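Notes follow the structure.
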Amino acid sequence: MNTQAKKTWRLGDDGVRVGAFFVILGIFALINPTVLSLVNLFAIVNNACFIGVMTMGLMIVMITGNLDLSLASIGLTSAFSTIMLYQAWGWEEGGMYLMFVIAGAAGAVCGLINGFFVYKLGIPGIIVSLGMGQVYNTLLLILTGVTYIPVLPEGMRRLNRTFILQVETALGTAGICFAVLIFAAAVLLVWFVLNKTMVGRGIYALGGDKVAAARVGFNIPLLYGTAYGIMGMLAGMAGMMFYANNTLFQSDWILVEQGNATAAAIFGGVIMKNGKGTVGGVVVGILLIGLIQNNLYLIGIPSYAQKVVVGFIILTSVAMASFNQLREWGKSR
Amino acid sequence: MGFTGDGEELNEFYLEARGIKKSFGGILALREVSLRIRPGEAHCLVGENGCGKSTLIKVISGVYAPDEGRIVIDGNPFKKLSPSESMALGVQVIYQDFSLFGNLTVSENIAMAYNVSSGFKFSNKKRDLELARGILDEINVQLNPFTEVAKISVAQRQIVAICRALLQNAKLVIMDEPTTALTTKEIDSLFRIIDGLKKKNVALLFVSHKLDEVFEVSEYVNIMRNGTNVMEGPTSEFDRSKMIYHMTGREIAEKSHALEIDRNTPILRVKGLSRKNEFKNVSFEAYRGEVLGITGLLGSGRTPLAETLFGIVRKTDGEMYLNGRRLELRNAGDAVRAGIGYVPEDRLTQGLFLNVSIYRNIAATILSMYSNKFSFMNKRKISAAVRQQAKGLAIKAASLEAPASSLSGGNQQRVVLAKWLAAQPKLLIFNCPTVGVDVGSKSEIHEIIASFARQGIGVVVISDDLPEILSLCNRVLVMNVGEITGEYQAGDIDETFLQGQLVKV
Amino acid sequence: MNKATNEDRRVWVELRDSIFRERRTVGLLVVLVALAFVMSLLNPRNFPTIPNMRSMMLQMAETGIFTLAMFVIMISGGLNLSIVSAANFSAACMASVVTGKIFTGIESPAGKVAVGVALAICVGALCGSLNGFFVSKLRLNALLVTTASSQLFEGAAQLITKGGSIVNSQIPSITTFGNGAVFGVLPNAFLMTLACYVAAALFVNNTKYGENSRLLGANETATLYCGNNNVRTLMTAYMLSGIFSAVGGITVFAKMGIVRSEYGSSLSSQALLTLVFAGLMIVGGTGKVFNVILSLVILQMVASGFNLARLTAYSKSLCWGVMLMFIVIMSTPQAEGFFRVFGKLLGSGKKGGSDAGGDTAGARGP
């Protein structure tokens, strides 16, 4: 033990994750080389955006030790109410950005409501999310009685088809779409808050030991508020991204995506019990889920076999991660 | 009160508490306590378990508000003190669980409290590192600042907690039983750090009942008994027996109950039992009709030994024989099936199901015993066994359906005893059986334990309560740094001698 | 004269204490009776009728079995979010046998059904064992494990149904049975679920694994120090949960004649609501089977009420959510504190349970 020791860059857990990602990518590529084509790689990134934004929001709450399964509902409700609002005001071009902002704000409010129940009344996050999720989901619908989405402005509809970067390749046009910017912004935001602000460190502290966090003097309501607020905001924005592509109010698909978001976070190394989880690891998790979701068909696995593979990978990584954690932390007796 | 040249009044004491009174729900925990600590003084609060030391600490750090009394810190008087106020004035408490964040690094943990109280909005790893390295160097300790706190040892965590307190400009560091989980070598390190603190004029208040540490480290002693301080003064004015006398209020421990001891057949025989890093080469025998005591400071290996005998943790070497039959315990279930019971030290988390009825608590160990091969329980037999034990041990409760949490400490311990008796054990191991039990119940429980021995059940009592050991046991084994270092007949020795044996290396 | 009144008083005190201890059951019974009364008043033509009862029981058959699958896990302090996926997986297996996709050697329909059911149960037990293994042997968090395994099971179901659904067109008697009723009143499916409830009650109240599950939920450390075998207890509990899930899957298949891999996504939260309503919180340990049944009936009446009033499914979901939040909030210590103050104001009795002289608990004294 040396005080002056330099930081050692061990092949830590995140390294294993990155390695696993490339190994799986490599296996896919061996079976079908087009996996490595630029078109495909860009497509993976594009498709990971939606789930990525959700996962970033989920992650910050998971670190506090609470699971939240109402992301989908928050997303749908916030985005939906934004659209209704816009319809009332009349559409305007360029209002696309504002729509994201409003959806984000509405989502943040929902998130804060969840956070209130968790912090003030001590109710476990899962239960709050299950209950409030139903409420968010249906309240708006009942009040407005609408079940479909009016046609969105051009800019929004083309969210996933507007490219910010295009490359012509032999296999076609490879492009990174606009949605990636939103994903990148989400990653940057969460990374900044968690790593560069005291509130973020406080969120880690909260996940590590709630009582100690209070003793050290953190403003606990602020910590919960930030975590749940960001979660809600990102959920709202993800909801907006969802409506860019869909006209039905509700869809089981978004619930599936929420499940995948949880999977991505778990694979990315978020451990609720101890308040562990890095943004880098979760991004790898998101990309991995994206890879598997979109490329299984390329290696000949039919779409209906996808979930099994995803489920298997998740279960194994949960087991390995927790096992590893127990082993390491148990060493210091 | 001293005066400087310019007529400014100097406080002789950094912290002064006067006439403190505190009760919890009708039970008086502190009555008329006073405490005066000088700057840079190593002040020790001594007393037996339950005398009120921890409560007093909580009062002066602001966790509890006293019912009566006054506290003056650094010249500021308080009737009601809050934790943040006391912290702001330089009172830093190091809790027994250290309140650290296992998922964060050493340097971040050290700097955390400082960062929060300084109101920083942004986190700066470089700043944390500098602060951490700085304070570690100041107290001359080597610790890798990048390690996750969950991965370091207990002693190292304590150092992190101390560093964190120091960074907060602590003027008084309060430690509650600081050497509880440390090995002898680590204790030496801690003492050196404490010396360093004294040089920086940081006062130290520590609570202890280990006399050797008290003599080694403290300059001033404050002896508490039954919620008040009975005696105080510079450490140099005390010797062991004087201190013991004031702590316990009695001269000599009572002698044990007369028992018929059958030395022909040991109920328990242990040979060369070892568990890596905890204890090694432990060999002894416990006979029918005898109460065998094992004592030692915490860290001597006595609790790991108890837990190994009960199968909670596994041995790494050695043999165990129960009534002549060799035992290989893979888990506690094996031990219970073999007929061993364990009354644990931590009654609330290890011994009882607090929100569950007394009935079900007592029945908890005999579920398998009274179940058929389809795992259906024979409720009538269980009921009979439970009621028999409840009656036999005179558990005072309105109904067996009441939750265990509604009972007093003494009655709760009876429930634990009942639970094990119901399992018809051949050997019972007790770990600190009367901790947190009121004085009246204490002797009753001792009589119950002695009666077990009379009934022919093997009894091994592990305790750090020396009077208890001497009055209850026939024979005493002393453990030190993981080995048995002495064996004595209880009738041949007295408390002072035993206390001395505990630290002889 | 005095002796008589003292005796009366003692009886009253004991009665009051038992009522307090069983207050959840009493409360639920009151709500049930009141609700039945109110619903009958509001809709006298449709509610208190035999067809309505039958329809409610048919629904309860489904929700009830999943509630049970969650119940056996919740008492041990965990959550099983994979019950629905395990059900779909088992049902898909059974459907494959019944439609002749696998085990093609079996000729008779009866044989197919028998093998199908057996296979479904085995698959359910297998799913349960997998969960149980991770939770008991690897000591992983139940919520995490079952969130992950639910993906796996759903994926397996998807694999078998090839992403679509399996329709039972070959053996119509299954559907007849699934929708049929004894004496035209008691649906077969309901009886099956009832039988499962009896089994669950036996497990929880009469077996050592059931009792140990409860103790586990109350204080895991203490069970270790009692020498109880937690691995076997948890494995049994999870296997039972898996079997119940399978029964649920079979019930749905029999009722609807079709298996879809994504069926019933809201059933988990519904089960959770029912259990929280019945007094279980994630802390585990408490919870009586009878209370669960009461809770199930109450919530079913509410649901039927909604249906009869022709409110949309959305209103029902909203109501569910609000009720869940309400119940949970009412169970928090803050709410309990509020009620205690309220109760004192009304001058009602003190918190009973023990007149043991007001002893206070405490190990390591103040």
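Once a ≥ b ≥ c are taken as the square roots of the eigenvalues of the Cα gyration tensor of region A:30-128, is the result rounded (a/c under 1.5), prolate (a/b larger than b/c) or oblate (a/b not larger than b/c)?
In terms of gyration-tensor shape, oblate.
Distance in nm between label sites at B:Asp74 and B:Gln489, each 7 Å beyond Cα in the beta-carbon direction?
In this crude label model, B:Asp74 to B:Gln489 measures out at 6.0 nm.
Probe radius 1.4 Å, ligands and nucleic acids ignored: give me the carbon and sulfur share of the accessible area of region B:351-424 as a rounded percent.
Solvent-exposed carbon and sulfur of region B:351-424 make up 53 percent of the total.
Nearest 100 Å² is fine: how much accessible area is buried between B and A, summed over both sides, with a 1.4 Å probe? Numbers along the way, then the final one.
Values: alone 23670 and 16580 Å², together 37310 Å².
So the total buried area for this chain pair works out to about 2900 Å².
Tell me the per residue accessible area of chain B using a 1.4 Å probe; a whole number in Å² is fine.
Solvent-accessible surface per residue comes out at 41 Å².
Ranked highest first by average number of other Cβ atoms within 10 Å, how do A:66-76, A:118-128 line up?
A:66-76, A:118-128
Does region A:33-320 classify as rounded, prolate or oblate by the C-alpha gyration tensor (a ≥ b ≥ c root eigenvalues; a/c under 1.5 gives rounded; else a/b over b/c gives prolate, otherwise oblate)?
oblate
Taking the alpha-carbon distance from B:Lys276 and a cut-off under 18 Å, which lysines remain once sequence neighbours fewer than 8 residues away in the same chain are dropped?
Of all the lysines, those that pass the test against B:Lys276 - Cα under 18 Å, at least 8 places apart if same chain - are A:Lys331, B:Lys185, B:Lys315.
At a temperature of 37 °C and a viscosity of 0.692 mPa s, determine how fast region A:197-309 diffuses translationally according to Stokes-Einstein, using the Kirkwood radius over alpha-carbon pairs as Rh; express D in µm²/s, rounded to the nearest whole number. Don't skip to the answer; put the middle values down first.
Numbers: Rh = 16.3 Å.
So the translational diffusion coefficient is about 201 µm²/s.
Shielding by partners for B:346-356, please: the mean number of other protein chain Cβ atoms within 10 Å of each residue's Cβ.
6
Can you list the residues in region A:263-277 whose accessible area drops by at least 20 Å² when all protein chains are present, compared with the chain alone? Use a 1.4 Å probe, heavy atoms only.
Relative to the lone chain, where solvent access is computed with a 1.4 Å probe, region A:263-277 loses at least 20 Å² at A:Ile266, A:Met272, A:Lys276.
Quickly estimate the mean residue ellipticity at 222 nm for the protein assembly as shown, helices only: each DSSP H run with n ≥ 4 gives -39500 (n - 2.57), and the total goes over all residues, rounded to 500.
Computed ellipticity for the protein assembly as shown at 222 nm equals -18000 deg cm²/dmol.
Mind checking the mean number of beta-carbon atoms from other chains within 10 Å of the Cβ atoms in C:313-322?
6
Pull up the cross-link candidates among the lysines for C:Lys162, meaning alpha carbon to alpha carbon under 26 Å and not fewer than 8 places away within one chain.
A:Lys307, C:Lys101, C:Lys112, C:Lys255
Can you figure out the FRET efficiency of B:Lys242 with C:Phe342, using R₀ = 51 Å and their beta-carbon distance, to the nearest 0.05?
E between B:Lys242 and C:Phe342, to the nearest 0.05, is 0.35.
Accessible area per residue, 1.4 Å probe, Å², for region C:1-152: what's the number? Mind dumping the intermediate values first?
Working: 7110 Å² over 152 residues.
Per-residue value: 47 Å².
Short version: which residues of region B:372-400 lose at least 20 Å² of accessible area, all chains versus chain alone, 1.4 Å probe?
At a threshold of 20 Å² (probe 1.4 Å), the residues of region B:372-400 that become less exposed are B:Ser375, B:Phe376, B:Met377, B:Lys379, B:Ala398.
Among DSSP beta bridges lying fully in the protein assembly as shown, give the percent that are antiparallel, nearest 5. Write out the running numbers ahead of the final one.
Numbers: 61 of 96 bridges.
Antiparallel bridges make up about 65 percent of those DSSP assigns within the protein assembly as shown.
Would you mind giving the mean number of other chain beta-carbons within 10 Å of the Cβ of each residue in A:121-128, as a whole number?
Mean partner-chain Cβ count within 10 Å for A:121-128: 6.
For the pairs A:Lys273/B:Lys121; B:Lys58/B:Lys80; B:Lys151/B:Lys200, flag any whose C-alpha to C-alpha distance is greater than 23 Å. Walk me through the numbers on the way to the answer.
Values: A:Lys273/B:Lys121 26 Å; B:Lys58/B:Lys80 12 Å; B:Lys151/B:Lys200 30 Å.
Pairs exceeding 23 Å: A:Lys273/B:Lys121; B:Lys151/B:Lys200.
Between A:Gln87 and C:Ser315, what is the spin-label point distance in nm, taking each point 7 Å from the Cα along the Cα→C-beta axis?
2.1 nm
Buried accessible area between C and A (1.4 Å probe, both chains summed, ligands and nucleic acids excluded), in Å² to the nearest 100?
3600 Å²
Note the buried accessible area between C and B here, summed over both chains, with a 1.4 Å probe, in Å² to the nearest 100. Let's see the in-between values first.
On the way: alone 19540 and 23670 Å², together 39960 Å².
Between C and B, the summed buried area is about 3200 Å².
Taking H placed 1.01 Å from N in the peptide plane, check which residues at least 5 places from B:Arg225 or on another chain put their amide H under 5 Å from its amide H.
Counting only residues 5 or more places away or on other chains, the set is B:Val230.
If all Cα-Cα distances of region B:362-447 are sorted into 5 Å bins from 0 onward, what percent lands in each bin, rounded to whole numbers?
3, 14, 23, 23, 19, 11, 5, 2, 1, 0
Would you mind getting the accessible area per residue of region A:33-320, heavy atoms of the protein chains only, 1.4 Å probe, in Å²?
With all protein chains present, region A:33-320 gives 35 Å² per residue.
Quick one: which of C:136-145, B:468-477 comes out on top by average Cβ neighbours within 10 Å, and what's the full order, highest first?
B:468-477, C:136-145
So what does log10 I(q)/I(0) come out to for the protein assembly as shown at q = 0.04, 0.05, 0.07 Å⁻¹, using the Debye formula with one equal point on every Cα and no solvent?
The Debye formula, applied to the Cα set alone, gives -0.26, -0.40, -0.80.
Would you work out the charge dipole size for the protein assembly as shown about its Cα centre, treating the Cβ of every Lys and Arg as +1 and the Cβ of every Asp and Glu as -1, and quote it to the nearest 20 debye?
The dipole of the protein assembly as shown has a size of about 2560 debye.
Could you give the radius of gyration (one decimal) and Dmax (whole number) of the Cα atoms in chain C, in Å?
22.9, 83
Work out, in µm²/s and without decimals, the Stokes-Einstein translational diffusion coefficient of region B:12-248 at 4 °C, 1.567 mPa s, Rh from Kirkwood over C-alpha pairs. If you can, show how the numbers build up before the last one.
Numbers: Rh = 18.3 Å.
Estimated via Stokes-Einstein, D reaches 71 µm²/s.
I want the antiparallel fraction of DSSP beta bridges within chain B, as a percent rounded to 5.
In chain B, DSSP labels about 55 percent of beta bridges as antiparallel.
Please give, to one decimal in nm, the separation of the simple spin-label points placed at B:Asn201 and A:Leu36, each 7 Å out from Cα toward the Cβ.
Simple spin-label model gives 6.9 nm for this pair.
Give the calculated FRET efficiency between B:Asp317 and B:Tyr95 to the nearest 0.05, with a Förster radius of 45 Å applied to their Cβ-Cβ distance.
Step by step, r from the Cβ atoms, then E = 0.80.
The values are calculated or read from the model by the stated rules, or taken from the named source; none is laboratory data. Just so we're clear, the structure is a prediction, and the values are computed from it rather than from any experiment. Backbone-built Cβ (ideal geometry, glycine too); neighbour counts: all protein chains shown. These area figures cover heavy atoms from the full protein model, side chains too; ligands, DNA and RNA do not enter into them. Shrake-Rupley method; radii C 1.70, N 1.55, O 1.52, S 1.80 Å.
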